[in-house]
1. Looking only at segment 124-145, count how many residues are within 19 Å of Leu280 (Cα to Cα), among the hydroxyl-bearing types (Ser, Thr, Tyr) and assigned to a strand (DSSP E or B).
2. Please tell me if Ala42 is part of a helix (DSSP H, G or I), buried (at least 17 other Cβ atoms within 10 Å of the Cβ) and out of contact with any helix residue (DSSP H, G or I) (no Cβ under 9 Å at 6 or more places or on another chain).
3. Answer yes or no: is there a residue in segment 201-216 that is of a type in the set (Lys, Arg) and closer than 19 Å to Val141 by Cα.
4. For segment 57-78, which positions are part of a helix (DSSP H, G or I) and of a type in the set (Gly, Ala, Ser)?
5. Restricting to segment 301-334, give me the number of residues that are assigned to a loop (DSSP other than H, G, I, E, B) and surrounded by fewer than 22 Cβ atoms within 10 Å (Cβ to Cβ).
6. Looking at segment 162-177, can you tell me whether even one residue there is modelled with pLDDT of 95 or more and of a type in the set (D, E, K, R)?
7. Among the numbered criteria (1) among the small types (Gly, Ala, Ser); (2) touching a residue at least 24 places away in the same chain (Cβ under 8 Å); (3) open to solvent by less than 50 Å² (accessible area, probe 1.4 Å), which single criterion is violated by Gly172?
8. What pairs can you find where one residue is in segment 225-236 and without any contact (Cβ under 8 Å) to a residue 40 or more places away in the chain, the other is in a loop (DSSP other than H, G, I, E, B), and their Cβ atoms are less than 8 Å apart, with a gap of 6+ or different chains?
Amino acid sequence: MGIESSCDDTSAAIIHNGKVLSNIVANQEVHAKYGGVVPELASRAHQQNIVPVVQQAIHQAGITKKDLTAIAFTKGPGLMGSLLVGTSFAKSLALGLNIPLIDVNHMQAHILAHFIKEENGKIPPFPFLCLTISGGHTQIVKISKHFEMEILGETIDDAVGEAFDKSAKILGLPYPGGPLIDKYALQGNPKAFSFSKPKVGDLDFSFSGLKTGILYFIQRNLKENPNFIKENLEDICASIQHTIVEILMDKLKNAVKHTGIKEVAIAGGVSANSEIRKRLLLAEKHWNWNTYIPKFEYTTDNAAMIAITGYLKYLDNNYADVSVKAEARLKVTE
């Protein structure tokens, strides 16, 4: 069983021999009116959700808790209050059932979700590159073995998911705004407006300057035309998305050039973005890459990715003991 509680989604999943039997996710809609995740509210909601979510995962998998052979849980990174709920529950359940406890790095789990066995699913061979993109992380990681990872490049300030959400907030769109930018962008012209790309190292990212540029662009145009956003929303969204995806693809191309590795995967919440998925598929044709794109349900935070990572650690007898602690900050290599 995998248990995920790093942010505002409470999730439990059952995996058997690498195949998902159930993957239950309870979302917390309470944060929408605050324009972002409120940590205290998130941890309270986890406490309310975790028992019914675990019960539902067991029921949907068609097993009983006595059939469980190990409990995997998210150790970090994430919101400390949220992590503590999942960590405490996992410890108690593993102790009560007298089965192994396995701690999982949330960022490794996003990457290793590619190893879930799916019908007609492609599993990347080692070594491969993974662009890990979410609300809190933007990294290019080289994966040589399941738990042998190296960060080749990362953001020096803000994450790409934050850039999407903050841009949406500037446009007056509700939280979470990233998926809404993607939705409106589908109807817009990506070349309607241009935004400057940050000048940083070959494999590193920066989004703070882009966010500032978008803010000034909107403020300037609203002064001239108070209806500017309303009249141009789809084109603005398409142009913002085009710029962000161009930045991501430029860095990926650099990583492939530097390493010679043409096996390229994406992971994390922003990997659900339709434009980045489309551009990766085009890269297979244009640059002869082999690309690996996760199913939508394995992009955002979910317990199936925790369970598969736990399963891979279980095969290596890599267990934790009850003294293990949640860690709010944790690198993908730790």
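The values are calculated or read from the model by the stated rules, or taken from the named source; none is laboratory data. Please read all numbers here as calculations on a predicted model, not as lab measurements. Cβ: placed from backbone, ideal geometry, glycine included. Neighbour counts: every protein chain shown. Only protein heavy atoms, including side chains, enter the accessible area calculation; ligands, DNA and RNA are left aside. Shrake-Rupley method; radii C 1.70, N 1.55, O 1.52, S 1.80 Å.
1. The qualifying residues number 2.
2. Criteria not met by Ala42.
3. Checked segment 201-216: no residue is of a type in the set (Lys, Arg) and closer than 19 Å to Val141 by Cα.
4. Across segment 57-78, the qualifying residues are Ala57, Ala61.
5. Total meeting the criteria: 16.
6. No; the residues of segment 162-177 include none that is modelled with pLDDT of 95 or more and of a type in the set (D, E, K, R).
7. (3)
8. Listed pairs, sorted by first residue: Glu231/Asn225.
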